[in-house]
Amino acid sequence: MDVVVIGGGAAGLNGALMLGRVRRNVLVIDAGEPRNAPAAHMHGFLTRDGMPPGELLEIGRKEVRQYGVRIADARVTEIVRDDDGFIVSYDGTEVRTKRVLVATGLVDELPDIPGLRERWGRSVIHCPYCHGWEVRDQAIGVIGDEHLELMFRQLSDDVIRFEQDQVTAITGTADVHLDTGETIPRQAVAIRGRHVARSEILTQLGLTPTPHPLGEFIEADPMGRTAVPGVYVAGNVTDLSATVLMAAASGAKAGAAINFDLLQSDQR
Ligand SMILES: Cc1cc2nc3c(=O)[nH]c(=O)nc-3n(C[C@H](O)[C@H](O)[C@H](O)COP(=O)(O)OP(=O)(O)OC[C@H]3O[C@@H](n4cnc5c(N)ncnc54)[C@H](O)[C@@H]3O)c2cc1C
């Protein structure tokens, strides 16, 4: 393989698209758990606004396959360096590759408040650009963050902020139960959580996540090059605030950078 792309979300698939179109031999390995899967619709992506998240990926898969890119529905469990390339293991299979693009996304860590996780991506939301319009003028509860409160106040006059340790449960659509015994009826709850890069594969290669006020991420240059030669990253694993469009764009940039890198080493 020229390139193994680990993670087939918007970032990984757009990287694969660029590489496939210049006739690179590419395998995408995807565990099928994109971050926005709980949401019914995706917003803020010009020409795709309101599309179900799964539909974008389905179209993306079709597009990359047109250029000979192969896709394996599997989880990468191990990666090791092998001379100037890598051996990637998934599903009992090993594949050798010259370069690797890791686009494994991030995990949204939420506080352990009963009822929160089940409503995540529906009536419990984090991103005003993704879901804000849909809850405009509604009764909104914000848990924790003053910055988030400010943003949701742009969208509704009925916003109440709670400290995280005041909240004991969420029930109904988004009713907030407090440690005083009160229940505050809300139609939506906003909370940011911690954004933690899915970096298990990268730590195997010697990279360490960098702490960030929002969580932790893997550092890279603007083209997605990490400190380990031959290892590139794109999307939420390296940019915690990237939306789908931004993740796709970073995948495209990393794809182009990998191709250039391979062209240079092909000439040596
Ligand atoms: C509830 C919710 C709603 C959102 N709504 C919007 C929205 O409306 N608009 C918007 O622009 N953004 C939205 N976002 C943000 C959006 O989810 C991210 O911008 C986007 O998913 C980032 O794309 P990505 O390719 O970096 O990662 P992901 O889409 O998370 O894709 C990563 C992929 O890598 C796979 N993977 C991970 N580890 C491995 C491994 N070891 N082996 C193989 N595969 C692996 C995962 O299973 C997954 O399929 C939302 C986020 C959340 C939480």
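Side notes on the structure shown:
- Qualifying residue in the stretch 31-50 (condition: touching a Lys or Arg at 6+ places or on another chain (Cβ under 6 Å) and near the ligand (Cβ under 10 Å from one of its atoms)): yes
- Yes/no for Trp120 being among the aromatic types (Phe, Trp, Tyr) and more than 9 Å from the ligand (Cβ to nearest atom): no
- Looking across the stretch 135-161, the residues that are in a helix (DSSP H, G or I) and more than 18 Å from Gly172 (Cα to Cα) come down to Glu146, His147, Leu148, Glu149, Leu150, Met151, Phe152, Arg153.
- Residue in the stretch 60-75 that is away from the ligand (no atom under 11 Å from the Cβ) and among the small types (Gly, Ala, Ser) present: yes
- Residues located in the stretch 83-99, provided they are more than 11 Å from the ligand (Cβ to nearest atom) and touching a residue at least 60 places away in the same chain (Cβ under 8 Å): Asp84, Gly85, Phe86, Val95, Arg96, Thr97, Lys98, Arg99
- Of the residues Phe86, Phe45, the single one that is closer than 23 Å to Leu263 by Cβ and among the aromatic types (Phe, Trp, Tyr) is Phe86.
- Residue match in the stretch 162-172 (condition: part of a loop (DSSP other than H, G, I, E, B) and free of Cβ contacts under 8 Å to residues at least 60 places away in the same chain): yes
- Residue match in the stretch 123-134 (condition: among the acidic types (Asp, Glu), in a loop (DSSP other than H, G, I, E, B) and either surrounded by fewer than 17 Cβ atoms within 10 Å (Cβ to Cβ) or within 15 Å of the ligand (Cβ to nearest atom) (or both)): no
- Counting only residues that are small (Gly, Ala, Ser), modelled with pLDDT of 95 or more and more than 16 Å from the ligand (Cβ to nearest atom), the stretch 216-268 holds 4 of them.
- Strands (runs of 3 or more DSSP E) (entirely within the stretch 1-82) containing at least 2 residues that are touching a residue at least 60 places away in the same chain (Cβ under 8 Å) and surrounded by fewer than 19 Cβ atoms within 10 Å (Cβ to Cβ): 76-82
- Of the numbered criteria (1) closer than 27 Å to Met51 by Cβ; (2) in contact with an Asp or Glu (Cβ under 8 Å, 6 or more places away or on another chain); (3) surrounded by 20 or more Cβ atoms within 10 Å (Cβ to Cβ), the one Asp137 fails is (3).
- Listed by first and then second residue, the pairs with beta-carbon distance under 6 Å, at least 6 apart or on different chains, first residue in the stretch 200-229 and at positive phi, second in a loop (DSSP other than H, G, I, E, B) and within 16 Å of the ligand (Cβ to nearest atom), are Gly215/Leu240; Gly224/Ala234.
The values are calculated or read from the model by the stated rules, or taken from the named source; none is laboratory data. In this text, all values refer to a predicted model and were calculated from it rather than measured experimentally. Counting neighbours? That spans all protein chains shown, and the Cβs are built from the backbone with ideal geometry, glycine included.
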